[in-house]
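**Student:** I have a structure I would like to understand better, so I am pasting it below and will then ask my questions one at a time.
The values are calculated or read from the model by the stated rules, or taken from the named source; none is laboratory data. In this text, all values refer to a predicted model and were calculated from it rather than measured experimentally. Every residue, glycine among them, receives a Cβ derived from its backbone with ideal geometry; neighbour counts consider all protein chains shown. In case anyone asks, the SASA skips ligands and DNA or RNA and just uses the protein heavy atoms, side chains included. Shrake-Rupley method; radii C 1.70, N 1.55, O 1.52, S 1.80 Å.
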Amino acid sequence: PSQPTVSPLPTYAGALGSVASGAEVFSLACASCHGAEGSGGLAGSVTAPGYINLVSDQYLRTIVIAGRPELGCPDFTKRLPGRAMTETEIADVTAWLASNRVNEFGERQTPTP
């Protein structure tokens, strides 16, 4: 019998990627459950200030890589049809998620790569 293909694990930590590219990857890999803007759909919002303002960039990266299996959220190997997410795509989605943070005045904060 053939062995299942195993994707190499992405690095644990990494710099943030491109916010613009992250928006595109999010729409392909995550929007079917979290909605086009991440504000919720089949799954909860990942851009609500009460969530996104309280979690670190590293936590966001970890969730993109490991998923949340207890909530039905897939890991990086199952988010895109037929292939695993690349290191760049993981960094980009993490940057896009981080770009949704707002300050006390409701202004978006620019993530630092």
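**Student:** So for the pair Lys78, Ala66, with labels modelled 7 Å out along Cα→Cβ, what separation do we get in nm?
**Tutor:** Reported label-point gap for Lys78 and Ala66 is 1.6 nm.
**Student:** If you roll a 1.4 Å probe over region 39-94 with all protein chains in place, what percent of the accessible area is carbon or sulfur? Before the final figure, lay out the partial values.
**Tutor:** Values: 1800 of 2870 Å².
That share works out to 63 percent.
**Student:** Okay, moving on. Averaging sequence separations of C-alpha pairs under 8 Å and six or more residues apart, then dividing by the length of the chain, give the relative contact order as a whole percent.
**Tutor:** Numbers: 156 pairs, mean separation 39.6, N = 113.
After rounding, I find 35 percent.
**Student:** While we're here: Please give the contour-minus-distance gain from Leu54 to Glu107: 0.36 nm per residue of separation, less the Cα-Cα distance, rounded to one decimal in nm. Write out the running numbers ahead of the final one.
**Tutor:** Working: separation 53, 0.36 × 53 = 19.08 nm, distance 1.56 nm.
Taking Leu54 through Glu107 to full extension adds about 17.5 nm, to one decimal.
**Student:** Here is a further query. Taking the chain as the reference, fit the longest principal axis to its C-alpha atoms, fit the long axis of helix 19-29 to the helix C-alpha atoms, and give the angle between the two in degrees, 0 to 90, nearest 10.
**Tutor:** For helix 19-29, the angle is close to 50 degrees.
**Student:** Same structure, new question: If you fit an axis through the alpha-carbon atoms of helix 57-66 and take the longest principal axis of the Cα set of the chain, what angle between them do you get, 0 to 90°, nearest 10?
**Tutor:** 30
**Student:** Quick check on the chain: what are the equivalent-ellipsoid semi-axes from the Cα gyration tensor, as sqrt(5λ), descending, whole Å?
**Tutor:** Values: eigenvalues 121, 47, 28 Å².
The equivalent ellipsoid of the chain has semi-axes of 25, 15, 12 Å.
**Student:** Sequence-distant or interchain residues sharing an amide H contact under 5 Å with Val102, placed H: which?
**Tutor:** Here Gln109 satisfy the definition.
**Student:** Taking only DSSP H segments of four or more residues, each worth -39500 (n - 2.57), what value at 222 nm results for the chain once the sum is divided by all its residues, to the nearest 500 deg cm²/dmol? Show your work: numbers first, answer last.
**Tutor:** Numbers: 5 runs with 41 residues, N = 113.
Roughly -10000 deg cm²/dmol at 222 nm, from the helical runs in the chain.
**Student:** Just to confirm, what accessible area per residue do you get for region 22-113 at 1.4 Å probe, in whole Å²?
**Tutor:** Counting only protein heavy atoms, the per-residue value for region 22-113 is 53 Å².
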